[in-house]
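Asker: Dropping the structure in here first, questions after.
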Amino acid sequence: MFEPILLKRANLPRSDSIDVYVANGGYEGLRTALKRAPDELIDMVKRSGLRGRGGAGFPAGLKWGFMPKDADVQKVLCVNTDEGEPGTFKDRELIEKDPHQVIEGVIITAYAVGASRAFVYIRGEFFLGVKRWTKAIADAYASGFLGHDILGSGFSLDLTVHRGAGAYICGEETAMIESLEGKRGEPRKKPPYPAQSGYWELPTLVHNVETLANVPHIVLNGPEWYAAIGTPKSAGPKIFCVSGHVYRRGTYELPLGTPLSAIIDEYAGGVPGGRRIKAVIPGGASTPLLTPEQLDTPMDFESLAAAGSALGTGAIVVMDETTCMVDVARRTARFFAHESCGKCTPCRVGSRRIAEILEGIEAGRGREGDIERLRDLCDGIAGDTFCPMGDALIAPIRSSLAHFEQEYWDHIRTGRCAVTAA
């Protein structure tokens, strides 16, 4: 049985408080880090194999290394808590139950890259999360972990909470920076990348909450310890969010590379009623579906890519045999059409046309050419949008057509869903 690392304090009484955090080893990683040179910390994170947990999986240490070394240039760190991917709730649990673990990761990261200013960008609907962040930051200031001359090290950092307006697109780092500056949340053209010109044109590092929560443990236990968890190319623990047709929905912290079937059956309790699994979303709504034949796929970056999907945020949504896959596609398309920022035509118009066609098919108004039109629209969007959201919105549509095309034809030819009718 894997002993939790990131969630080990989550079920303690008053786990969000600074006294409980410190009593259970909190901020010891920061004390250790402040005795090391920043370059040494960057090298440690590189050797650990830590990759971003927000969806892209980019090597964290490499990202740190992109930040300029000039000590005279002000640098900024942004914490992305705009958790908007359907089925994803890991970051929310971290900030509500153990915010100081993330704050400690923020301070260590800021010290390593020379950032003197940090922002927490949090989804506006996370009301409890905002309260927990605000209280934890205030307590960290009062205890000398934030502010001027932290723990007498000469390093200073200010951290502020910024509430977003609940836009999914602000999970993209440049759109988040635009929103942080008070503008409409739309992605920027890259290059320049945030490390070159981010928040108010300052060098900016953007990281996901779960990514930063790993940092204190790497500093305390060493990069070799961390790299030994998971797989050689996908190191460390991962918090998987499991929802849908399972007995025990929730978050499960396990090593990367744990088979999908083990997460569903051993940890989430399997599918109720003895029903069979029909499909699984492995990494959030923007990742292609997996079929029952792929349930033994290891949950890591490389294995899921080889299976034709992606790890994404690690949000596993299980669907049993009673699920209408056309309705799944319709709901997904409606979400992305609603969340499109409208900056580029393929996403703004294409997402709406896809949603309209799927609404018609599900409502019994499907036509013979609808499937071909859906494929044409997906082809027109693929690789042609301003940001990756276009590819995200077509991934579940394409995979549902690839695996469940017959259900689409059943809707079109009979005007009803054969699955739900049965």
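The values are calculated or read from the model by the stated rules, or taken from the named source; none is laboratory data. In this text, all values refer to a predicted model and were calculated from it rather than measured experimentally. All Cβ positions, even for glycine, are placed from backbone atoms using ideal geometry, and neighbour counts span all protein chains on display. Remember, those area values only see protein heavy atoms, side chains included, never the ligands or the DNA or RNA. Shrake-Rupley method; radii C 1.70, N 1.55, O 1.52, S 1.80 Å.
Asker: Take every Cα pair under 8 Å in the chain that's 6+ residues apart, average their separations, divide by the length, and report that relative contact order as a whole percent.
Answerer: Taking the mean separation of contacting Cα pairs over the length of the chain, I get 16 percent.
Asker: Also, I was wondering about something else. If a/c stays under 1.5 just call it rounded; otherwise compare a/b with b/c (prolate if a/b is bigger, oblate if not). Do that for region 175-263, with a ≥ b ≥ c from the square roots of the Cα gyration tensor eigenvalues.
Answerer: oblate
Asker: May I ask you to derive the FRET efficiency for Glu372 and Lys189 from their Cβ-Cβ distance with R0 = 45 Å, giving the value to the nearest 0.05?
Answerer: Once rounded, the FRET efficiency stands at 0.85.
Asker: Still on this structure: Ser153 to Asn221: extension gain in nm, 0.36 nm per residue of separation minus the Cα-Cα distance?
Answerer: Answer, rounded to one decimal: 22.3 nm.
Asker: With a cap of 13 neighbouring Cβ atoms within 10 Å, and only residues DSSP puts in a loop, list the GluC sites (Glu not before Pro) found in region 295-374.
Answerer: Glu368
Asker: Decide, for region 257-301, between rounded, prolate and oblate: order the square roots of the alpha carbon gyration tensor eigenvalues as a ≥ b ≥ c, take rounded if a/c falls under 1.5, and otherwise choose prolate if a/b is larger than b/c, else oblate.
Answerer: It is oblate, given that a/c is not under 1.5 and a/b is not larger than b/c.
Asker: Moving on. With P(r) over Cα pairs in 20 Å bins from 0, in percent in mind, check (1) 26, 52, 20, 2, 0; (2) 20, 49, 27, 4, 0; (3) 26, 55, 17, 1 and report the label derived from this structure.
Answerer: Correct label, based on the coordinates given: (3).
Asker: Report the Cα centroid-to-centroid distance between region 343-413 and region 46-80 in angstrom, as an integer.
Answerer: Rounded to whole Å, the Cα centres lie 35 Å apart.
Asker: Still on this structure, I have one more. Mind checking the full-extension length gain between Thr345 and Thr322? Use 0.36 nm per residue of separation minus the Cα-Cα distance, one decimal, nm.
Answerer: 4.7 nm
Asker: Here's a follow-up. Taking 0.36 nm per residue of sequence separation and subtracting the Cα-Cα distance, how much length would be gained by fully extending the chain between Met1 and Ala138, in nm to one decimal?
Answerer: Separation in residues times 0.36 nm, less the Cα-Cα distance, equals 45.7 nm.
Asker: Accessible area per residue for the chain in Å², computed with a 1.4 Å probe and the full protein assembly in place, what is it?
Answerer: About 40 Å² of surface per residue is accessible.
Asker: Convex hull over the Cα atoms of region 254-368, averaged projected area in nm²?
Answerer: Its average projected convex-hull area is 8.8 nm².
Asker: Tilt of helix 325-339 relative to the longest C-alpha principal axis of the chain, in degrees (0 to 90, nearest 10)?
Answerer: Between the helix axis and the principal axis of the chain, the angle is about 50 degrees.
Asker: Select from Ala195, Ala333, Ala56 the residue whose mean-square fluctuation is largest in a Gaussian network model of the chain (Cα-Cα springs shorter than 10 Å).
Answerer: Result for the chain, Cα springs under 10 Å: Ala56 fluctuates most.
Asker: Additional query: Listed highest first by mean packing, meaning other Cβ atoms within 10 Å per residue, what order do 310-316, 181-187, 225-231 come in?
Answerer: 310-316, 225-231, 181-187
Asker: Count neighbours as other Cβ atoms within 10 Å of each site's Cβ, and list the trypsin sites (Lys or Arg not before Pro) in region 64-129 that are DSSP loop with at most 16 such neighbours.
Answerer: Those that pass, being in a loop and sparsely packed, are Lys69.
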